[in-house]
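Each value in this text was obtained by applying a stated rule to the coordinates, not by laboratory testing. Note that the structure is a prediction, hence the values are computed from the model and not measured. Note: ideal-geometry Cβ built from the backbone for every residue, glycine included; neighbour counts use all protein chains shown.
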Amino acid sequence: MTLSRMTQNMMSRQSFAGMQTAMDRVAKSQEQLTTGRLINRPSDDPTGATTAMRLRSSLSSQQQYVRNADDAVGWLDQTDTTLGTMGSQITRAHDIALEGANTGAMGPDALAALATEVEQIRAGMISSANARYLDRPLFGGITTGTAAYDANGDVLDPAALGTGTGVVRTIADGQRIRIDVEGPEVFEGADGVSVFTHLADLSAALKSGSTTAISSAIGKLKDDGDRVVNMRSEIGARTVRVENARSVADDASLTLTNALSSVENVDLAKATVDLSLREVAYKAALGATARVLQPSLLDFLR
Amino acid sequence: MAGAFSSINTALSALRYQQSALDIASTNIANASTDGYVRRRVVGETVGAAAAPAVWSRSNEIGSGVQSSGVQRMVDPLLDARVRREHGRQTYLDTKAAAMSRVETGINEPSTTGVAKAIDTFRSSLDDLNNAPNSDAARSQVLANANGVADAFNTQSRNLQDEMGDQRARVVATVQEINTVAQQLADTNRSISASSGGGSDTATLMDTRDQLALRLSELTGATATPQADGTMDITLGGASLVSGRDAATLEVSAGIAADGTADGSPVAFSLTQPDGSVDDPVVPSGGRLAASVELIDHVLPDYAADLDALVEQFTKAFNDAHALGFDATGAQGGEFFHSSDPDDLAGSLRVVVTDRSKIAVSSIGTTPPAAPVPNNDTGNAAKLADSITIQDGYQRLVNGFGSDVASIQRLAANQSTMTTQVDAAREQQTGVSLDEESVNMLMAQRSYEAAARVMTTVDEMLDTLINRTGLVGR
């Protein structure tokens, strides 16, 4: 721009525009520093804003997967512990049955005592089968009731079993895992007779002293114990799967948080240096204005 | 042969001329920072022999002094036209950029409180409900977060509606201002033609005229054509807004109802001429009016329509998934989200379900007439969560709008450089330089002193001639 004339107004305006520009830059730096964010609105960086939104959305999903997995692990651990107790109870009943099978060495009183212990084991087993996690019976499928079995060892809500999806947790994108075990799966054999019935049978056999009945109970209890052990290893496998998914989701959360931070957050050192530089520029503009606007020819005319 | 007093007259003319030069300098200094003031210069011319001598007459005059041939306004009409054009563009871009930035702030993304976050939270709460279908807290949470989604959409829609309402009010106010300014310009035109006919100085009226024309360009992007008699005509979108002493009346002919609400059609204008004829439609080519119309007719409704499309997609997918499920009592799921206003789906989005047990996360249930059986199945929870697929679309929408805002801001910044440049060029021409005026004052003062000295000199000469000549021997 070639200037043939310069007027005081032009200089004032130019100084003012310069100061405004410098101050605008200072304000921009200040906004970034005070909010701690590079992108305060989509137009600051449209692509970055989209990336940030995408990352936030993924981050939210991954954090939810971690919560879901935590819940699943809690449920699975509870199931495992319960089945562990029940397994040892079955072993104990099996041992009692073996002891009772030795009818020649035992009198009717001793057998009756064994029978009482078996009944207690049975009651304990039924109570364990009603174990709950967050108010839901572990072995009751999708029942809304508070227990899976009644005192007789019968399923309370058969309609809640073997239907629907059971109890599932989403542990990764599109990955849903079933975490519950329905009572009959583990407590009933292929014939549909439950371990509780077997225990009742054993108790009756001990009372009657029938060797055949006791021997038959021994075989059945062996199968019952095996099913529980098998189910525990199955639960263990599911737990491993859930825990793997959890650590993947955890890692993903961390990576996504880092990525989000690098897209969205201010590099403090850089922003501070920028602010200082811009402040210097602003001060220079102020200084120039103060010096430029003062003199005029009138100062030099007598 | 010049008379003895000729030089006194010459000196007198110099005194008069220098005095007027001093007057002009002081006027310039006084108005150094007056808006729209154009610096003046007194134009002097030598008074000489008669330009058209009579037959046989002969003049041997050397010069008879100086006279002021008029006061010149230091303007360049072409530059003024350029200034008006650039200012019209600048106002257009500034208005658009300011409104779009406001809307963008209302969108509030990326943030922890916007629509995107509300949707994420809603999705997460569905997972939580899947984890604990028997928990009333989890169910309440889903309802609360669903309302959060609806609120977030409502807020965004309300921002858009508010901005549209503001722009409509702005159009109405702008039209009023245009009519006032146009009438003022017509009045100024009348004064100019009357004054110049009477030989009076019209410089101040011209300043006013230029300022009014600039204002009209800023408001409408109208083009101004200076006429030979000093008046200025304004043409708006091919129709005459101001012609000499007459101003037409601009009216909103469609798009804005009397109470300031939208009437459903695009905004249109008509011009009623003083003779009663009507130009309809008149399309403003730039300035604030065109920016507001563009915002009302395109930018804001386009965004609102895209938002509504997303809401429709979201509502339909979620409701469909919800209808496939069964609620806590085992009854079939009903409508979950509903928009009551088909023209503003985002603004009227509500959660229909108010009873937390009515959230249909179970995939097992009974359809009437059999009595429903409650269960804790969550087969439908995942389907509900998976039905929420508008995140991508929403990100695209926000990204698109953000890009538009960034682009309009860039354009406005570029235009600002251009506008500043032509403003500077005009100021170069018309601005008062105090240094220059000081020099002018100095020159006028010195010339005045010199002319006075001329008078003294002539006076002394005459004194010599009259009082000291022919006194030999007295």
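At q = 0.10 Å⁻¹, what is the log10 ratio I(q)/I(0) for region B:88-219, with the Debye formula run over Cα points and no solvent? Log-scaled intensity ratios, in q order: -0.58.
Out of all Cα-Cα pairs in region A:126-169, roughly what percent, to the nearest whole number, are more than 15 Å apart? The partial results should precede the final answer.
Numbers: 324 of 946 pairs.
Counting every Cα pair in region A:126-169, those more than 15 Å apart make up 34 percent.
Taking a straight line from the alpha carbon of A:Lys222, these lysines sit under 29 Å away, with near neighbours fewer than eight places off in the same chain left out: A:Lys207.
Considering only B:Leu126, B:Ala331, B:Leu250, the residue lying farthest towards the positive end of the dipole of the protein assembly as shown is B:Leu250, judged by Cα position with unit charges set on Cβ. Computed from phi, the 3J(HN,Hα) profile of region B:413-427 under the Karplus parametrisation 6.51, -1.76, 1.60 (θ = phi - 60°) reads 5, 4, 4, 4, 4, 4, 4, 4, 5, 5, 4, 5, 4, 5, 4 Hz, with x in place of Gly and Pro. Roughly what % of Cα-Cα distances in chain A sit above 34 Å, to the whole percent? Distances greater than 34 Å cover 55 percent of the Cα pairs. Overall, region A:60-261 carries a charge dipole of about 260 debye about its Cα centre when +1 sits on the Cβ of Lys and Arg and -1 on the Cβ of Asp and Glu, all other atoms neutral.
Taking amide H as placed 1.01 Å from N in the peptide plane, A:Thr143 has its amide H under 5 Å from the amide H of B:Asn376, each at least 5 places away in sequence or on another chain.
Bridging of A:Lys270 to lysines at a Cα separation below 19 Å is possible for A:Lys28, once same-chain residues fewer than 8 apart are set aside.
Phi angles across region B:223-231 convert, under the Karplus curve 6.51 cos²θ - 1.76 cosθ + 1.60 with θ = phi - 60°, into 3J(HN,Hα) values of 9, 10, 10, x, 9, 4, 7, x, 7 Hz, Gly and Pro given as x. In this Cβ point-charge picture (+1 for Lys and Arg, -1 for Asp and Glu), chain B has a dipole of about 1680 debye about its Cα centre.
Between the amide H of B:Ile359 and those of B:Ala328, distances stay under 5 Å, these residues lying 5 or more places away or on another chain, with hydrogens modeled in the peptide plane. Using only the alpha-carbon atoms, how far is helix B:136-198 inclined from the longest principal axis of chain B? Give it as 0 to 90 degrees, nearest 10. The answer is roughly 20 degrees. I'd like the orientation of helix B:203-220 relative to chain B: the angle between its Cα long axis and the longest Cα principal axis, in ° from 0 to 90, rounded to 10. The answer is roughly 20 degrees.
Rounded to the nearest 20 debye, the dipole magnitude of the protein assembly as shown is 3160 debye, with +1 charges on Lys and Arg beta carbons, -1 on Asp and Glu beta carbons, and the Cα centre as origin.
For region B:232-359, take N as its residue count and report Rg(C-alpha) divided by 2.2 N^0.38 Å. All intermediate terms of the calculation are to be shown ahead of the outcome.
Details: Rg = 24.3 Å, N = 128, 2.2 N^0.38 = 13.9 Å.
Relative to the rule-of-thumb radius for its length, region B:232-359 sits at 1.74.
What number does chain B give for Rg over Rh if you use C-alpha atoms and the Kirkwood radius?
On the way: Rg = 38.7 Å, Rh = 29.1 Å.
For chain B, the value is 1.33.
Legend: translational diffusion of region A:59-108 by Stokes-Einstein, Rh = Kirkwood radius over C-alpha pairs, 25 °C, 0.890 mPa s; D = 173 µm²/s.
Converting phi to 3J(HN,Hα) with the Karplus coefficients 6.51, -1.76 and 1.60 and the offset θ = phi - 60°, region A:236-247 yields x, 4, 5, 4, 4, 5, 5, 5, 4, 4, 5, 6 Hz in sequence order, with x at every glycine or proline.
The angle separating the long axis of helix B:115-131 from the principal Cα axis of greatest extent in chain B is about 10 degrees.
Taking only the C-alpha atoms of region A:115-220, Rg followed by Dmax gives 16.4, 58 Å. For B:Lys383, a cut-off of 28 angstrom between C-alpha atoms picks up these lysines, skipping any fewer than 8 places away in its own chain: B:Lys117, B:Lys316, B:Lys358. Per the Debye formula on identical point scatterers at the alpha carbon atoms of the protein assembly as shown, with no solvent, log10 I(q)/I(0) at q = 0.11 Å⁻¹ is -1.21.
Residues whose amide H lies under 5 Å from that of A:Arg37, counting only those 5 or more places away or on a different chain, are A:Val266; hydrogens are built 1.01 Å from N in the peptide plane.
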